[in-house]
1. I'd like the FRET efficiency for Ile280 and Thr5, computed as 1/(1 + (r/R0)^6) with the beta carbon distance as r and R0 of 45 Å, rounded to 0.05.
2. Give me the extension gain from Ala18 to Lys155: residue separation times 0.36 nm, minus the current Cα-Cα distance, reported in nm with one decimal.
3. Rounded, prolate or oblate, given the Cα gyration tensor of segment 24-66, with a/c below 1.5 counting as rounded?
4. Which ordering of Ser178, Ser201 is given by a fewest-first count of other beta-carbon atoms within 10 Å?
5. Could you compute the net charge surrounding Cys59? Neighbours are other residues with a C-beta less than 15 Å from the C-beta of Cys59; K and R count +1, D and E count -1.
6. Can you put Asp232, Asp126 in order, fewest other beta carbons within 10 Å first?
7. With just the Cα atoms of segment 1-133, tell me how far they stretch along each of the three principal axes, in Å, largest first.
8. Give me the log10 of I(q) over I(0) for segment 119-165 at q = 0.17, 0.28 Å⁻¹, as the Debye formula computes it from C-alpha points; what are the numbers?
Amino acid sequence: MNGETLTGLLKKGQTILAQAGIKEAGLDAWLLLEYTTGKSRAYYFAHGEEGVTDETAECYLQLISRRAKHIPLQHLTHQAFFMGYEFYVDENVLVPRQDTETLVETALECMNTMTETGRKNPHILDMCTGSGCILLSLLKEIPEAEGRGVDLSEKALEVAARNARTLEVADRAEFVKSDLFTEEDKNSNGNHGTAYDMIISNPPYIPTAEIEDLMEEVRFHDPRMALDGMEDGLHFYRIITEQAMNYLAPGGWLLYEIGCSQGEEVADLLRKEGYEEIEIRKDLGGLDRVVLGRKKGYGSLCEQ
C-alpha cells in the first residue's frame, strides 16, 4: 500500500487531464476511477479516504496518461452505451454516439408499425455497420427481425460479431465483409433470396478536407475509413441510394444518419431515385440528423 486514497487518486487524475486540455477532465477521471476500482460513486463519497493498492494506483494512472493523449475514453474501457445496451468498442470502430439513437428510434417507428400490420420476420440491411450498434439495437427491440451488417473492415466485423454474441442475437444477425452491397445481395436480390424491408446506414459523411479540423480523439483515433465521405461528404449516400431500390421490398424504407448540414442534399438524392414520404428528422439538439424515404409499393411500413 502506498498511502494513496481514492480521493487523492481522483484529484491526481483530474489535474493531469485538465492540464492536457481534456474537455470533461473531471468526468473522465471519475469514470476511469470507477472502471479501475469497481467502486460506485456512492461508495466513493462514503469511503473517499479508503486506501488503494499500488497496483490499482498504477493501473489508474496509466489509463489517465493514455486519456491525456486524447485516446477516447471508450477505447480505454472498451465500453460504450447505446440505446440502453452495452457495446464493446475498440480502435477499429467508431464509438456509438447518442445522436445516432435518433436514427434507431426513427427506424423502430417504421419497423414496429410493419410488424403490427402483419409483416413478419422483417429483414434489415445495415450498411457500414461498424460496431453493429444500429443493427443489433434493432434486433434487440424487434425479436422477429433478422439482419445483415456489412462493412469493408474485417476487424470492425469481428467487433460487431462479438457484440451480437454478448447481446444474444447472433442467431438473427450475420456480418459480411463487402464494399456496400454484397455479391450475394446482387445475385439473390436481398437477404436469403428475399428483398430487404429496411436498409439503414450511418456511412462515412465527413468531407475529406474537413477531417483535419476534427477533435484529436476523432482525427487520430477513429478509423479514417469510417469518417471519410470523400470530396463533398456525399459519396456513399449517392452509391447506396442509387442501388438500394433494387434490394428493397415494395414499401420498404431507406434510412440514413447525416451530417447536420446535409439534410436537403441527401433528401434530393432520394427524390431523384423516386422515393416517397421523404422526411428529414432532427436530433435532440435540434440539428438535422436523419433522412428517410419509402420505396413505392403496397402496404406502407410506416404510417404517417
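1. According to the calculation, E is roughly 0.30.
2. 46.0 nm
3. The shape class here is oblate.
4. Ser178, Ser201
5. Neighbour charge sum, excluding Cys59 itself: -1.
6. Listed from fewest to most nearby Cβ atoms, that is Asp232, Asp126.
7. Its Cα atoms span 65, 30, 23 Å along the three principal axes.
8. Results for segment 119-165 at q = 0.17, 0.28 Å⁻¹ read -0.43, -0.99.
Each reported figure results from applying straightforward, stated rules to the coordinates on display, with no laboratory input. Here the structure is a predicted model, which means the values were calculated and not measured. Don't worry about glycine lacking a Cβ; one is built from the backbone with ideal geometry, like all the others, and counts go over all protein chains shown.
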